[in-house]
Structures are given as C-alpha cells and as structure tokens.
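The values are calculated or read from the model by the stated rules, or taken from the named source; none is laboratory data. Given the structure is predicted, the values throughout are model-derived calculations rather than measurements. Glycine gets a Cβ as well: all are built from the backbone with ideal geometry, and neighbour counts include every protein chain shown. Ligands, DNA and RNA are stripped out before the accessible areas are found, and what is left, the full protein with its side chains, is counted by its heavy atoms. Shrake-Rupley method; radii C 1.70, N 1.55, O 1.52, S 1.80 Å.
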Amino acid sequence: MPASVSLSERYATAIVPKSFRSGGSRGLFILGCLLPLVVLMALGSGRYWVSPDKVAAILLAQILPIKPFWSGVEEQVILIVRMPRILLAMMAGAGLGLCGSALQGIYRNPLVDPSLVGAAPGAAFGGVLSILLFGGGLWLVPMAFVGGLTALALVHVIAGISGRLSVLSLVLGGVVVGAFFAALVSLTQFLANPETTLPAIVYWLMGSFAMASWAKMTIALPLILIGAAGLFLLRFRIDILSLGDEEAQALGVRATPLRVIVLVLIAMITAATVAVCGIVGWVGLLAPHLARMLVGPTHRVLLPTAAMVGAILLVLV
C-alpha cells in the first residue's frame, strides 16, 4: 500500500471483511441501475399518466434533437410539475441517508438518526422561527442550520455533564434536546398569527415535496453537496471512530475534533433538507440499515449506498 495512505485508511481497509469490499461494487451497481428506473416510473405516474417511452424521450430531448411524439401538456407535466419534486425527493433522501449512516458510525449505535440526536428538531425550530420573524425566504436555510448546530452542541454539553461522553448519554441527551426544541416549535406556533403565519408554519412542518421548485433546488443542492463531499472525504476516519475513542486515539485519530467536524457537516445537510421540505422522518434511520445489509459496514461504500437507498425510498414514497 502506498506510503501516502494514512494509518487510519490502511486500518479501516484491513478490518473490513473481503466479502464486503468485493460485494460493495455490485451493490452500488444494482442501486445505480435501480434509481433511474424508479425515477422514470415516478415521472410518468400520477393522475396524468405518461408512458415510460415518452418520459425518456422528453428527458433526452433536452440534450438531443429528437422529433416530438408527445404533447406539450405531457412535457410541461414532466419538466415543470414532476421533475422538481422527484429531484428534491432524491436530494433529501440521499442527504438523510448519508447523515444517518455517519451518525450511526460515530455514535456506534444503530438506532441513531438526525431526529434522535436533536439535529432535525433544532433545524425545524430555526426554520419556524425564521418564518415567524421574517416570513422565511432567505433566512430559512441559515436559521435552520444554526438551529440544528445549536441542538447538536447542546446534546454534547448535556452528555458531557458526567465528565465522560458515552454513547448512551449522547442518545439520551439527543432525546432531551429534541423534546426541548419540539416544545419551542409548539410555543412558536402558539405565538404565530393564526390567519397568516400559522398556516405556513404548519404546512411547512408537515414535510412535503408538493411545493417543490427549481428555486428550492438551488438553495438546498450546494449545502447538501458540500456536506456529502465532506463526509465522503472523512469516510476512513469515520470507520476508525466507529471502533471507539480509545482505539481511534491509539491510531492517531483525534476523536473529539473529528466528531465535531462530522456533526457540522450533518447539521448542514439536515438544515438544507428541513428548509426545503420540512421534517422527513425514518429515512435517516432505515436507509443505513438497508445499505449495510447490501454492502457491509465500511463507510467507503456504505455512505454512497445509503445515499442511493435513501433517494430510492423517498422517490417511491
């Protein structure tokens, strides 16, 4: 192995069974073929049915000169109505799948997801507060990000009261902080104007892709891509961190700073997802488990697999 590869990367590769490493590419290939099929099916399904061949032709016509054999209404339904919804669902599912797999790795707990550790409730409170004070708009994403990051910081403060950060204390701290921010969301709804602001808050909190648009795509996509790229670059170190803090320190990985960086990236992805589509539950918990069944525990393949599984799940839903 080249000398430029870090000790953590060499050790992470060594501890993963060979069957998982060889099967990872097959799992990614299968999901890579399944995702376009699911998207194609979703674009044609609905109250106004469009056949798969027309859907594929409409999409290809955006880059290739194809003689139209479809109506203008069908093209508008695909490109204007359904395409933003499907792409936004893919982005949200991929982001939540990434967050869930990274959180389960750094906390070494298979029951952790962005909602359980307070990130989603904190981001929801930040978004609700922005709607109450500023009507949402450009303030929605940054305030959701600050809310999610604040919630994660409070989780670590509560968990560290005993002097030692344990997985159990982190999860319990996440439950407490999540309940606290959920109460703040309820208080904000109580203070909101019932004729103007309250309906917008309630509809946003329900979690929906019905109001998806290309503008929302441009808001969420950069943050999700930055967070996803950061998590993927740290994939080998997350493998080491999943062994425990003592083992990570012995291998030259500083556990606390690394965990903070991962949590900031997770808060960024969660905030972007919550800002554009509200709270979406269970995907961040379920997608990593399904991905782990397909490719094993190493985050080199687990992270992209969980992202694709999350995208497929939300598009199907």
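Counting only Cβ charges, +1 for Lys and Arg and -1 for Asp and Glu, the dipole size of the chain around its Cα centre is about 580 debye.
Remark: relative contact order (the chain) = 33 percent; criterion is Cα-Cα distance under 8 angstrom and separation of 6 or more residues.
Just order 268-276, 125-133, 200-208 by mean Cβ neighbour count inside 10 Å, highest at the front, would you?
On the way: 268-276: 30.8, 125-133: 23.2, 200-208: 15.8.
Highest to lowest by the protection proxy: 268-276, 125-133, 200-208.
Net charge within 15 Å of residue 214 by Cβ-Cβ distance, Lys/Arg positive one each and Asp/Glu negative one each, not counting residue 214 itself? Residues near residue 214 contribute +3 overall. Given a 10 angstrom Cα cut-off, can you work out which residue in 145, 29, 181 is the most mobile in a GNM of the chain? Residue with maximal mean-square fluctuation among 145, 29, 181: 29.
Ranked from largest, the principal axis spans of the Cα set of the range 189-252 equal 59, 31, 15 Å. Between residue 260 and residue 208, the distance separating the two model label sites (each 7 Å from Cα on the Cα→Cβ line) works out to 4.1 nm.
Return the calculated 222 nm mean residue ellipticity for the chain, to the nearest 500 deg cm²/dmol, obtained by summing -39500 (n - 2.57) across DSSP H runs with n ≥ 4 and dividing by the residue count.
Working: 15 runs with 232 residues, N = 317.
Dividing the helical sum by the residues of the chain leaves -24000 deg cm²/dmol.
With both labels modelled 7 Å from their Cα along Cα-to-Cβ, the residue 219 to residue 249 distance reads 4.3 nm.
I need the shape label for the chain. Rule: rounded when a/c is under 1.5, else prolate if a/b > b/c, else oblate, with a, b, c from the alpha carbon gyration tensor. Note, shape of the chain comes out oblate.
Ordered by packing density, taken as the mean number of other Cβ atoms within 10 Å over each peptide's residues, highest first, how do 150-157, 305-312 rank?
On the way: 150-157: 20.6, 305-312: 27.9.
Packing proxy ranking, top to bottom: 305-312, 150-157.
Taking every alpha-carbon pair under 8 Å whose residues sit at least 6 apart, the range 186-317 reaches a relative contact order of 28 percent. With a/c under 1.5 counting as rounded, go ahead and sort the range 49-205 into rounded, prolate or oblate using the C-alpha gyration tensor (a ≥ b ≥ c being the square roots of the eigenvalues; past the cut-off, prolate if a/b is larger than b/c, else oblate). Cα axes put the range 49-205 in the oblate bin.
Given 0.36 nm per residue, what is the gain on full extension from residue 233 to residue 176 after removing their alpha carbon distance, in nm? Let's see the in-between values first.
On the way: separation 57, 0.36 × 57 = 20.52 nm, distance 3.11 nm.
The span from residue 233 to residue 176 would gain 17.4 nm if fully extended.
Once each part is reduced to its C-alpha centroid, what is the distance from the range 53-82 to the range 171-226 in angstrom? The range 53-82 and the range 171-226 have Cα centres separated by 34 Å. In this simple spin-label approximation, residue 157 and residue 37 carry label points 7 Å from Cα along the Cα→Cβ vector, and these lie 5.0 nm apart.
Expressed as a whole percent, the accessible surface of the range 251-306 that belongs to carbon and sulfur atoms is 74, based on a 1.4 Å probe.
Where the alpha-carbon atoms of the range 276-316 are placed on the principal axes, they occupy 30, 15, 15 Å, in descending order.
Using a 10 Å cut-off on Cβ atoms, rank the peptides 234-240, 48-54, 77-83 from the highest mean neighbour count down. Could you put the intermediate results ahead of the total?
Working: 234-240: 23.7, 48-54: 14.0, 77-83: 17.4.
Output ranking for 234-240, 48-54, 77-83: 234-240, 77-83, 48-54.
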